[in-house]
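Worksheet for the structure shown next.
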Amino acid sequence: MTVMVKRIGGSLAVVIPRTIAADAGLTEGAPLDVSRTAAGILFRPPGRRPRRSIAALAKQVDPASYAGRTANLRSDPAVGREVG
């Protein structure tokens, strides 16, 4: 579906057709994150991020940043039904 870009004050606006807005659960005043991608412009509800694999997330972990933290975990008393 093609829509027109309109000027509102010093900004540009895109009118989202009613059927698409309803399908996406959008209402007036709803926040949207806007970002530019290689394919164009992406609108999505805030807080939603593309899912990444556990392998990609694990690559971001720096083991050095956890040095010394395990001692605190071991010294805490058991609470509940932990198995240790």
*Among the strands (runs of 3 or more DSSP E) contained in segment 9-67, which hold 1 or more residues that are aromatic (F, W, Y)?*
40-44
*Number of the condition not met by A71 [criteria: (1) under 20 Å from the mean Cα position of the chain (by Cα); (2) at pLDDT below 75]*: (1)
*Which pairs have Cβ atoms under 8 Å, sit 6 or more apart or on different chains, and link a residue in segment 24-43 that is under 14 Å from V14 (Cβ atoms) to one that is surrounded by 10 or more Cβ atoms within 10 Å (Cβ to Cβ) and among the aromatic types (F, W, Y)?*
L32/F43; V34/F43
_Residues of segment 5-47 satisfying the condition of being touching a strand residue (DSSP E or B) at 6+ places or on another chain (Cβ under 6 Å) and of a type in the set (D, E, K, R)_ = K6, D33, R44
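The values are calculated or read from the model by the stated rules, or taken from the named source; none is laboratory data. Model, not experiment: these values are computed from the prediction. When we count neighbours, we look across all protein chains shown, and the Cβ atoms used for this are built from the backbone with ideal geometry, even at glycine.
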